[in-house]
Amino acid sequence: MTVSDALKARISTRAFLDTPVSQDDIADILDAAKFAASGGNLQPWKVHVVAGEARQRVIDAVSEKLAKDPFGNEADFLVYPEKLWDPYRTRRYEVGEDMYALMGVPREDKGARLNWLLQNYQFFGAPVGLFFAIDERMNNNQWAHLGMFMMCVALAAQDKGLATCMQEAWTPHAKTVAKALGLDAPYIVYCGMALGHADPDAKVNQLRTKRAELGEFARFDGF
Ligand SMILES: Cc1cc2nc3c(=O)[nH]c(=O)nc-3n(C[C@H](O)[C@H](O)[C@H](O)COP(=O)(O)O)c2cc1C
């Protein structure tokens with residue numbers, strides 16, 4: 001698989017088979033992803049991989065937190081700006097609507113939509129969860145490099161025939177997740193990722209998101 005093929009084939013998978021993924025496979029993926037570039041070669045990432053009981057411990061801890069305090073944000077930052085503006089607002093709206101339309105969940109059915117969101121906290125059924133953490137003393141610059149590492153993980157997984165979904169849904173519960181993982185300061189959890197074998201029969205996995213045309217985000221000068 002070429003890198004371009006992997007880039008085009010990767011999607012956010014939101015329904016997984018329970019087929020296990022071996023620790024060796026995950027180690028191979030991370031061993032490839034570690035070649036991600038980072039400013040000053042700081043490699044400012046930590047990744048905590050959970051399966052089996054460890055995965056269940058995170059799920060249970062966050063379920064308990066959700067039951068007590070569903071909207072409490074434990075992260076020191078907002079996942080999105082408080083009020084998004086266009087074109088970002090429309091893009092965010094569209095991806096949700098396209099996904100629910102595919103699954104036949106109407107806008108009025110708030111219960112079904114909420115239940116769907118809660119699937120995040122089961123890793124969408126994936127047998128493996130990854131949590132990406134960063135030393136809280138790092139700046140915006142290093143956070144960007146952590147993101148590049150995450151993308152490399154997703155592409156390396158794709159190359160192995162595995163599927164992923166990045167999950168900032170865990171971010172508001174970052175402290176609960178960190179405690180369940182045994183992750184100590186100065187590391188803070190930024191984002192999760194579900195990883196496993198995609199369920200080929202799940203409708204939600206048919207979603208193909210749109211992208212802005214090149215001319216909307218790139219400018220060429222001097223050619
Ligand atoms: C950092 C990051 C966090 C994300 N968090 C979630 C999430 O919590 N739940 C979810 O269903 N999708 C999540 N997504 C997936 C995005 O919605 C998805 O990448 C976007 O709609 C483009 O679709 P594609 O990944 O299928 O190309 C996340 C993506 C990124 C990059």
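The values are calculated or read from the model by the stated rules, or taken from the named source; none is laboratory data. Note that this is a predicted model, so its numbers are computed, not measured. Virtual Cβ from ideal backbone geometry, glycine too; neighbours counted across all protein chains shown. What goes into the accessible areas is simple: the full protein's heavy atoms, side chains included, and nothing from ligands, DNA or RNA. Shrake-Rupley method; radii C 1.70, N 1.55, O 1.52, S 1.80 Å.
Summarised as an ellipsoid, the stretch 50-168 has semi-axes of 24, 21, 19 Å, derived from the eigenvalues of the Cα gyration tensor scaled by 5 and square-rooted, with the largest first. Taking the alpha carbon gyration tensor of the chain, multiplying each eigenvalue by 5 and rooting it gives semi-axes of 24, 24, 21 Å, largest first. The gain in end-to-end length when the Ala185 to Gln43 segment is fully stretched comes to 49.3 nm, 0.36 nm per residue minus the alpha carbon separation. Within the stretch 93-155, the GluC sites (Glu not before Pro) that combine a DSSP coil assignment with at most 15 other C-beta atoms in a 10 angstrom radius are Glu108, Glu136.
Computed extension length for Ala101-Asn139: 9.8 nm, one decimal, from 0.36 nm per residue of separation with the Cα-Cα distance subtracted. Legend: residues Cys165, Cys152, sorted from most to least accessible area (1.4 Å probe; ligands, DNA and RNA excluded), read Cys152, Cys165. Taking the accessible area of the stretch 56-186, probe 1.4 Å, and keeping the other protein chains in place, the carbon and sulfur fraction comes to 55%. If the label point is 7 Å along Cα→Cβ of Ala54, which residues in the stretch 127-171 have backbone nitrogen under 13 Å from it? Under cut-off, by backbone N: 128-132.
A Förster distance of 45 Å, applied to the separation of the beta-carbon atoms of Ala218 and Lys68, puts the FRET efficiency at 0.45. For the stretch 27-126, which trypsin sites (Lys or Arg not before Pro) are both in a DSSP coil and crowded by at most 11 other Cβ atoms within 10 Å? Of the trypsin sites (Lys or Arg not before Pro), the ones in loops of the stretch 27-126 whose Cβ has at most 11 other Cβ atoms within 10 Å are Lys83, Arg107. Each residue of the stretch 93-100 was assigned a 3J(HN,Hα) from its phi angle through the Karplus expression (A = 6.51, B = -1.76, C = 1.60, θ = phi - 60°), giving 4, 4, 5, x, 5, 4, 5, 5 Hz with x at Gly and Pro.
Within the set of other residues whose C-beta is less than 15 Å from the C-beta of Ala9, count the net charge using Lys and Arg as +1 and Asp and Glu as -1. In short, +3.
For Lys160, no residue has an amide H sitting under 5 Å from its own, ignoring neighbours fewer than 5 places away on the same chain, with H placed 1.01 Å from N. Once all protein chains are placed together, Trp116 keeps about 50 Å² accessible to a 1.4 angstrom probe. All other residues whose Cβ lies under 11 angstrom from that of Glu74 are scored, Lys and Arg at +1 and Asp and Glu at -1, for a net of +1. Note on Leu117 and Ala27: the model spin-label points, each 7 Å out from Cα along the C-beta direction, lie 4.0 nm apart.
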